[in-house]
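Here the structure comes first, spelled out in structure tokens, and everything after it is commentary.
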Amino acid sequence: MPHYNVLFLCTGNSARSIMAEAIMNRKGHPNFTAFSAGSHPTGVVRPEALHQLNKAGLDVTAARSKSWEEFSKPDAPHLSFVFTVCDNAANEVCPIWPGQPMTAHWGIPDPAAVQGNAEEIDRAFSQAFQTLDRRISLFLSLPLGILDSFAIQEQINKIGKQ
């Protein structure tokens with residue numbers, strides 16, 4: 001199976017895209033390498049996101065909030081797929097990615113926007129994590145090696161609606 005690089009985008013790169021990166025790096029290893037970035041990175045990873053990753057036994061040592069500009073440079077990793085995971089990033093004008101990777105919008109409600117007690121906030125982050133985990137599992141089950149690009153694009157768009 002070929003190796004694929006996947007970029008998860010969100011505006012702040014502080015929660016959803018960070019969680020997606022960690023999930024994909026665990027579940028997709030060794031055939032997938034995931035990255036995450038934001039159009040306007042906060043520079044800080046939300047502790048609630050780190051908590052979800054720790055609960056799942058995922059490595060958080062490399063988690064950092066970074067700009068999508070890192071991935072639009074000529075020396076950036078060649079991207080096979082780019083997924084937006086928040087509504088704001090889907091509506092922004094994205095850079096032109098070298099190699100023209102397949103893209104899809106996998107919008108997930110922003111758990112950081114939830115106001116309430118600690119339990120309600122934890123539930124929002126847990127739901128975001130579970131949705132990302134399910135979508136990534138579905139994506140990884142696709143027979144990418146035998147599907148044509150049209151079929152792959154159709155399938156990744158469907159996954160974003162689940």
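How many angstrom lie between the Cα centre of the range 135-158 and the Cα centre of the range 1-55?
19 Å
Give me the net charge for the shell around I136: Cβ to Cβ below 13 angstrom, other residues only, Lys and Arg +1, Asp and Glu -1.
In short, +3.
Neighbouring Cβ atoms within 10 Å as the yardstick, rank F125, F8 fewest first.
Placing the least packed residue first, the sequence is F125, F8.
Just list whichever of K55/K158; K27/K158; K27/K161 have alpha carbons separated by over 25 Å in the model shown.
Listed pairs above 25 Å: K55/K158.
May I ask for log10 I(q)/I(0) of the chain at q = 0.13 Å⁻¹, from a Debye sum over the Cα atoms as equal point scatterers with solvent left out?
-0.56
Tell me the net charge near G12. Cut-off is 10 Å between Cβ atoms, G12 excluded, with +1 for each Lys or Arg and -1 for each Asp or Glu.
Net charge in that neighbourhood comes out at +1.
Sort the following peptides by mean Cβ neighbour count (other Cβ atoms within 10 Å, averaged over residues), highest first: 100-113, 32-45, 141-154.
Per-residue Cβ counts within 10 Å, averaged per peptide and sorted highest first, yield 32-45, 100-113, 141-154.
Read-outs: derived from the displayed coordinates by stated rules, not from any lab. Owing to the predicted nature of the structure, the values given are computational and were not obtained by experimental measurement. As a convention, Cβ positions derive from the backbone with ideal geometry for all residues, glycine included, and neighbour counts pool all protein chains shown.
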